[in-house]
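Read through the structure below, which is laid out as structure tokens, and then see the notes.
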Amino acid sequence: MDATHTDGASLHGRTAIVTGGNTGIGKAVVLALAGNGANLVIDYVADKAAEDALEQSLRELGEQALGVEADVSKVEDLKKLIDAAVSRFGRVDIMVNNAGIETRSSILDTTEEQYQRVLDINLKSAFFGTQLAASQMIAQGGGGRIINMTSVHEDWPMPGNTPYCLSKGGMRMLTRTAGIELAPHGITVVGVGPGAVDTPINKSTVSDPTLLSKLNAAIPLGRMAEPQDIASVVTYLAGDGASYVTATTVFVDGGLMHASLGL
Ligand code: BGC
């Protein structure tokens, strides 16, 4: 794979599925993988804004992409994504378990329903997405790439966002364990751990100027990430240049996780 990812063809002939691919980091990942030649199955949830965003991506990508409505917290719906990729493009080479939500709730006030939703959408979907994609990759032969969108919070506690941290901690061990189990099949499993990214999940921070400047000041590189900052790393990990990377997480956080307080 071209190290600069600028040839636009390094993923030619490969098929990728991106969960939550119509918004935020997922949308940037879709465009970056497609820009490097991959065929795309874009998972989306059925609401108006999501459908509009999806339509825009599909218009840009033409024949190269297919939108599939799926609720990734359901195994049946994850199967729909795999089936769509196989029937339209013949195979699955890259699975990006990207869909995620957070409730910003603490251990004292999280409801059972919030807990379940976060764990199902973030962790259960990544577990079964990995299982189903890996089964397809093994059946078709030739290995593959599974990329789990985790967070600095797979490792770094975020008080007031407990279910989210739990789900990302689970994805950390999913990545480690599945990476080892699937290595004999030539399938790599890698986590990508963003810090703060300018996406809908961080809407409340971005729309509060005081909070935003505090956050930017806490990030050693001085700014929140753009979704493209994360997507370019995913594209690299999806390509041949990253064939020896597995069972680990690549953090893309501008240094946030290891920043000192400067006191
Ligand atoms: C969370 C954000 C948080 C960021 C940095 C992300 O994983 O979704 O809510 O601002 O990490 O802490």
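When the range 207-263 is filtered for residues that are open to solvent by 50 Å² or more (accessible area, probe 1.4 Å), within 13 Å of the ligand (Cβ to nearest atom) and under 14 Å from the mean Cα position of the chain (by Cα), only Phe251 remains. If the condition is being small (Gly, Ala, Ser), within 13 Å of Asn22 (Cα to Cα) and part of a helix (DSSP H, G or I), then the range 48-81 contributes Ala49, Ala50, Ala53, Ser57. Consider the range 91-119 and keep the residues that are open to solvent by 40 Å² or more (accessible area, probe 1.4 Å) and not in a loop (DSSP other than H, G, I, E, B). The one that is farthest from the ligand (Cβ to nearest atom) is Glu112. Quick check on Val152: is it closer than 21 Å to Asn22 by Cα and in contact (Cβ under 8 Å) with a residue 12 or more places away in the chain? No, not satisfied. Checking each residue in the range 164-199 for being farther than 22 Å from Gln131 by Cβ and either β-branched (Val, Ile, Thr) or more than 10 Å from the ligand (Cβ to nearest atom) (or both) picks out Val197, Asp198, Thr199. So is Ser73 of a type in the set (Ser, Thr, Tyr), open to solvent by 10 Å² or more (accessible area, probe 1.4 Å) and in contact with an Asp or Glu (Cβ under 6 Å, 6 or more places away or on another chain) or not? So Ser73 fits the description; yes.
Looking only at residues in the range 120-130 that are farther than 18 Å from Val68 by Cα and within 15 Å of the ligand (Cβ to nearest atom), which one is least open to solvent (accessible area, probe 1.4 Å)? Across the range 120-130, the extreme among qualifying residues is Asn122. The set of residues in the range 134-157 that are part of a loop (DSSP other than H, G, I, E, B) and within 16 Å of the ligand (Cβ to nearest atom) comprises Thr150, Ser151, Asp155, Trp156, Pro157.
The values are calculated or read from the model by the stated rules, or taken from the named source; none is laboratory data. This is a predicted model, so every value here is computed, not measured. In this analysis, Cβ positions are derived from the backbone assuming ideal geometry, glycine residues included, and neighbour counts consider all displayed protein chains. Calculation scope for accessible area: heavy atoms of the full protein, side chains included, ligands and nucleic acids excluded. Shrake-Rupley method; radii C 1.70, N 1.55, O 1.52, S 1.80 Å.
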